[in-house]
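Peer 1: The structure under discussion is supplied below as structure tokens; questions concerning it will follow.
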Amino acid sequence: MLRKIGIDAIEVRKVQQLSEIDGLIIPGGESTTIVKLLTRFEFVDHLRERVNCGMALWGTCAGMIVIARELADPYPIPLNLIDISVARNYFGRQVDSFEAELHIEGINGDPMRAVFIRAPIVQTVGEGVKQIASTDDGQAVAVKKGRVLATSFHPELTGDTRLHTLFLKLAKEAQEDPRQNSSTAVNPSSI
């Protein structure tokens, strides 16, 4: 999806790569495994530092769980990169997956098709966190604070690049943030 909008996307596999990017997407998958790998390969403190210095961050589905402040479940222990509490698998098991049309604040045009697969839900939002999309019954499924974005659905599974374009805007803002380490070589078009 990022390549569709002209971004030179890379897979971040080494902690040193965090200094080479302006934005990071933590994708869907298995949140416990993601947290274990981030911990084992010593990403956690470096990731926190980069986010605190203004790097854009987007957690989708399991990624939302990983970056939350707290979970309704005892595991995994989230990284506390956005002040939200999250319930895992809120909508049920794999067989309960569904699609919905969402109006997302900051995205113009028709509603966006969202794919929910064993999706989490935002139970509470902290100070400064803005709910930008919700289900028909008002449950938060997309939130944003500064350059940190979290969605409980999988935007990469549709052909709609509008949410990715919004994230690109956040990453471009990160390039201009004076808190970024000026001695670090940052590729202005990399996420």
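Peer 1: In percent, how large is the relative contact order of the range 15-175, given Cα pairs closer than 8 Å and 6 or more residues apart?
Peer 2: It rounds to 23 percent for the range 15-175.
Peer 1: May I ask you to compute the full-extension gain from ASP110 to CYS53, defined as 0.36 nm times their residue separation minus their alpha-carbon distance, rounded to one decimal in nm?
Peer 2: Stretched fully, the ASP110-CYS53 segment lengthens by 17.1 nm.
Peer 1: Please order HIS46, HIS164 by the number of other Cβ within 10 Å, starting at the fewest. Each step should come with its number before you reach the end.
Peer 2: Numbers: HIS46 16, HIS164 20.
Ascending number of Cβ neighbours within 10 Å: HIS46, HIS164.
Peer 1: At 0.36 nm per residue, and after removing the present C-alpha to C-alpha distance, how many nm does the segment from THR32 to GLU11 gain when stretched out fully?
Peer 2: Answer, rounded to one decimal: 5.6 nm.
Peer 1: Could you state the number of Å between the C-alpha centres of the range 137-168 and the range 89-123?
Peer 2: 9
Peer 1: Can you give me the C-alpha center-to-center distance between the range 61-84 and the range 4-20, rounded to a whole angstrom?
Peer 2: The distance from the Cα centre of the range 61-84 to that of the range 4-20 comes to 22 Å.
Peer 1: How far is helix 162-175 tilted, in degrees, relative to the longest principal axis of the Cα atoms in the chain, given as a value from 0 to 90 rounded to the nearest 10?
Peer 2: 30
Peer 1: Quick check on the chain: of the DSSP beta bridges with both residues there, what percent are antiparallel, nearest 5%? Show your work: numbers first, answer last.
Peer 2: Values: 18 of 29 bridges.
Antiparallel: roughly 60 percent of the beta bridges in the chain.
Peer 1: Compute the long axis of helix 31-40 from its Cα atoms, compare it with the longest principal axis of the Cα atoms of the chain, and write down the angle in degrees, 0 to 90, nearest 10.
Peer 2: 20
Peer 1: About the Cα centre of the chain, how large is the charge dipole given +1 on each Lys and Arg Cβ and -1 on each Asp and Glu Cβ? Please answer in debye to the nearest 20.
Peer 2: I would put it at about 360 debye.
Values quoted throughout were computed directly from the atomic coordinates according to the rules given, and no laboratory measurement underlies them. The model shown is predicted, which means the values in this text are computed figures rather than measured ones. Please note: Cβ atoms are built from the backbone with ideal geometry, for glycine as well, and neighbour counts cover all protein chains shown.
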